[in-house]
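What follows is a single structure, written as structure tokens, with notes after it.
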Amino acid sequence: MTMIDYRPFRNTDPPALCEIWRSQPPLRLMFQPLTPAVLERVVLSKPFFDRRGLIVATDQGRPIGFAHAGFGADRCGTALDQTFGATCMLMVMPHAQRTAVIERLLELSEAYLRASGATTIFGGGSPCVAPFYHGLYGGCRVPGVLESDRQTVELYQRRGYRETARQLILQRPVVGFRPPMDRQQIQLRRALIVEPAADPPPSTWWEACTESQTDRYAYQARPRTGGDAVATAVYWDMEPLASSWGVHARGLMRLDVPTDSEFDREVLAILLLGETLRLLQLDGVTLVETHVAADDAPRCQLFSKLGFQCIEQALELRSDTC
């Protein structure tokens, strides 16, 4: 049995890290094949990247696994909040000591996070703590650990992490889509029009850091008589993940329908989403994805009415260290 060493990331590591990534069992919602150029653009170029948080396991100098730890943002999105951390990614290539190595990597990731001030640690990240891997794992956002990623789920559960939330990953092909039509929709269409809007600028430092590499597309519902938007939907081009599926996919990043709207919120949301799906189809998009909290019954019902189906679930796994 050889001695496994553990060290921080080095600038020469990306090719080996990509080799480790490519050695993993196939998951539909994990991008393959990862290249150093994509890793640099999506992960290593982030301004808050800390080489000490990317821990590499080596066997006689050859990298065989890694754990990558990071933090979420404060409530205003203006800085890191190091009380909330996550082991964002945890991988070991096929190896005789794989189980021991991956458990040790998780221990070292947790130690790094705690030493930096974390009192709450997420396994695999969560929608609120997702500093890295947007577009590489989980679909249109980083949702936690995919339920189909059983080895990783079981590792965190053995370590004492508990499930605190669950995300439904919903998809809908848009080829041949026709917006729902009933009396309420007809009445609302007489009052409102849905149009593309300018690419929305990042609203916070955190949003600029985590979403700046993506192409975003906004659509707004506005009164036909003129005036401010009454609802907004923002999508993004799901690259590079969609390319590995061989489709042109966009993910719904945000759906903003104000609670004080003068219109029925569900009817308004159906109008906005139905029209955006129609417009996306005209742009050559073939698939749309969104994530919904499993306990959010109204939103689950909304997307069900539009023909979205659950293709995967993800678990938010949490450990409170203090």
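The values are calculated or read from the model by the stated rules, or taken from the named source; none is laboratory data. Being a predicted model, the structure only gives us computed values, none of them experimental. So basically every Cβ, Gly included, is an ideal-geometry build from the backbone, and we count neighbours across all protein chains shown.
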| message | Residue under question is Thr87, and the condition is that it be within 21 Å of Pro127 (Cβ to Cβ), buried (at least 18 other Cβ atoms within 10 Å of the Cβ), assigned by TED's automatic domain parsing to the domain that holds Pro131 and touching a residue at least 12 places away in the same chain (Cβ under 8 Å); does it hold? | response | yes
| task | Please specify each residue of segment 270-322 satisfying the condition of being closer than 30 Å to Arg114 by Cβ and either of a type in the set (Lys, Arg) or without any contact (Cβ under 8 Å) to a residue 60 or more places away in the chain (or both). | result | Arg318
| said: Is it the case, given these coordinates, that Leu155 is under 25 Å from Ala314 (Cβ atoms), among the aliphatic types (A, V, I, L, M) and not in a helix (DSSP H, G or I)? | reply: no
| message | I need a count of the residues in segment 158-181 that are closer than 22 Å to Ala297 by Cα and not in a strand (DSSP E or B). | response | 2
| remark: The residue from Leu282, Leu255 that alone is of a type outside the set (Asp, Glu) and closer than 16 Å to Leu302 by Cβ is Leu255
| query | From the list Arg41, Arg52, which residue is touching a strand residue (DSSP E or B) at 6+ places or on another chain (Cβ under 7 Å), in a helix (DSSP H, G or I) and not hydrophobic (A, V, I, L, M, F, W, C)? | reply | Arg52
| said: touching a residue at least 60 places away in the same chain (Cβ under 8 Å), over 16 Å from Pro127 (Cα atoms) and touching a strand residue (DSSP E or B) at 6+ places or on another chain (Cβ under 8 Å): which single residue out of Ala79, Ala57 fits that description? | reply: Ala79
| note | Among the residues of segment 18-35, the number that are surrounded by 15 or more Cβ atoms within 10 Å (Cβ to Cβ), in a helix (DSSP H, G or I) and not β-branched (Val, Ile, Thr) is 3
| request: Answer yes or no: is there a residue in segment 116-131 that is more than 19 Å from Met238 (Cβ to Cβ), among the aliphatic types (A, V, I, L, M) and touching a helix residue (DSSP H, G or I) at 6+ places or on another chain (Cβ under 9 Å). | output: yes
| query | Which of (1) aliphatic (A, V, I, L, M); (2) outside any strand (DSSP E or B); (3) in contact (Cβ under 8 Å) with a residue 40 or more places away in the chain does Ala111 not meet, given it meets every other one? | reply | (3)
| task | State whether one or more residues within segment 58-75 are in contact with a Pro (Cβ under 8 Å, 6 or more places away or on another chain), farther than 13 Å from Tyr133 by Cβ, at pLDDT 95 or above and surrounded by fewer than 20 Cβ atoms within 10 Å (Cβ to Cβ). | result | no
